1. Between a residue in the range 1-12 that is in contact (Cβ under 8 Å) with a residue 40 or more places away in the chain and any residue that is of a type in the set (Ser, Thr, Tyr) and crowded, with 18+ Cβ neighbours inside 10 Å, which pairs come within a Cβ distance under 8 Å, given they are 6 or more apart or on different chains?
2. Got a sec? Which of Lys35, Lys54, Lys26, Lys30 is surrounded by fewer than 20 Cβ atoms within 10 Å (Cβ to Cβ), within 27 Å of Lys2 (Cβ to Cβ) and in contact with a Phe, Trp or Tyr (Cβ under 8 Å, 6 or more places away or on another chain)?
3. Just give me the residues in the range 103-126 being of a type in the set (Gly, Ala, Ser), over 18 Å from Ala10 (Cα atoms) and touching a residue at least 60 places away in the same chain (Cβ under 8 Å), in sequence order.
4. Under 8 Å by Cβ, and 6 or more places apart or on different chains, what pairs join a residue from the range 23-42 that is in contact (Cβ under 8 Å) with a residue 40 or more places away in the chain with one that is among the aromatic types (Phe, Trp, Tyr) and surrounded by 13 or more Cβ atoms within 10 Å (Cβ to Cβ)?
5. Lys93 versus (1) over 24 Å from Lys35 (Cα atoms); (2) charged (D, E, K, R); (3) modelled with pLDDT of 95 or more: which is the lone unmet condition?
6. Is it the case that Lys92 is surrounded by fewer than 22 Cβ atoms within 10 Å (Cβ to Cβ), more than 21 Å from Arg120 (Cα to Cα) and more than 15 Å from the chain's Cα centre (by Cα)?
7. Give me the residue from the range 1-23 that is loosely packed, with under 15 Cβ neighbours inside 10 Å and farther than 24 Å from Ser77 by Cα and, out of that set, nearest to the chain's Cα centre (by Cα).
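The values are calculated or read from the model by the stated rules, or taken from the named source; none is laboratory data. Everything numeric in this text was worked out from a predicted model, so none of it was measured. Please note: Cβ atoms are built from the backbone with ideal geometry, for glycine as well, and neighbour counts cover all protein chains shown.
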Amino acid sequence: MKKKFLIVVADYYEDIANDLLKSALKLIKKSNKIKIISVPGVFEIPVVISRKIKNYDACIALGCVIKGQTPHFDFISQATTNGIMNLSIINKKPIGNGIITCLNKKQAKARNKKGTEAARAVLAVLSQK
């Protein structure tokens, strides 16, 4: 059965975002309707999903946060993760978390299949009865 997916991708690190998106699309592209929305950073992902979630069967959040010299990394990562989880529970719809949190760009590049993992998780939840 054809499903409607919303993918919200933070393109702050454009090359990483593109890899995440490609990996997610490989898994869900077949016979599904997909809307892709780009946002500047991961912090914006939950609000965009909250505005659109009623129109979709599932959502996937993609992006990357790289630790810098300040605690900003911790606040952004935690707030975004909590926001995504709360939206999923409140709306009773799966939201795949494909947001990479890492210490440097090399680690992020090594995890570019996280989009596939997030898509696989969403498909697993959708298949539950």
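1. That search, which allows pairs on different chains as well, returns Lys4/Tyr56; Phe5/Tyr56; Leu6/Tyr56.
2. Details: Lys54 fails: in contact with a Phe, Trp or Tyr (Cβ under 8 Å, 6 or more places away or on another chain); Lys26 fails: in contact with a Phe, Trp or Tyr (Cβ under 8 Å, 6 or more places away or on another chain); Lys30 fails: in contact with a Phe, Trp or Tyr (Cβ under 8 Å, 6 or more places away or on another chain).
Going through Lys35, Lys54, Lys26, Lys30 in turn, the sole match is Lys35.
3. The answer is none; no residue qualifies.
4. Ile28/Phe5; Val42/Tyr12
5. (1)
6. no
7. Restricting to residues being loosely packed, with under 15 Cβ neighbours inside 10 Å and farther than 24 Å from Ser77 by Cα, the top hit is Lys4.
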